[in-house]
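Here is the structure we will look at.
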Amino acid sequence: DLEKAMDSLMPSGKSATMAAMSGGGGSKEGLENTAEEKISKEQFKQFVETIKARDNVRLVMVKLRETAPELYNAMVAERDAYMANGIDKLDQFDKMVAVVGIAHVDGIETNLKERGWAPVSIPCQLR
């Protein structure tokens, strides 16, 4: 299920497994996996940008939690709780900024809501 979810995010019907295996090597023209499939650097870049979208990260996290709950707990859920605990200890400040990986945003928000924090939406204006 996790691999199918990842594959649905890949450009041009390429497999996510192939993209993951080709991320660190390959030729200059294209990245290769052991099955000799090629993915161009542009396709790999497109995959990375697609996977970074919040809805896609949520999809992957749900599938990871369903497919490998122990791995999800160790790599995501426990870290979410730890980071939320650290943020909660800083509640004496009127304002704060926490920079976290996108895969942890939902879990940290959930943990903080359970501790009585209220969500705040502040639009970010880009110049």
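Just to verify a result, which residue in the range 68-99, among those that are surrounded by 12 or more Cβ atoms within 10 Å (Cβ to Cβ) and of a type in the set (S, T, N, Q), is farthest from Val57 (Cα to Cα)? Among those that are surrounded by 12 or more Cβ atoms within 10 Å (Cβ to Cβ) and of a type in the set (S, T, N, Q), it is Asn85. Here the condition is being over 21 Å from the mean Cα position of the chain (by Cα) and free of Cβ contacts under 8 Å to residues at least 40 places away in the same chain; of Lys95, Lys41, Lys45, it holds for Lys95 alone.
In the set (1) within 22 Å of the chain's Cα centre (by Cα); (2) acidic (Asp, Glu); (3) surrounded by 13 or more Cβ atoms within 10 Å (Cβ to Cβ), the condition left unmet by Asp55 is number (3). Pairs linking a residue in the range 100-120 that is exposed (fewer than 15 other Cβ atoms within 10 Å of the Cβ) to a residue that is part of a helix (DSSP H, G or I), with Cβ atoms under 6 Å and 6 or more positions apart or on different chains, are Ile102/Val57; Arg115/Asp88.
Bear in mind these aren't lab numbers, they're just calculated from the coordinates by the rules spelled out. The structure presented is a predicted model; accordingly, all values stated were derived computationally and were not measured. We place every Cβ from the backbone using ideal geometry, glycine too, and count neighbours over all the protein chains shown.
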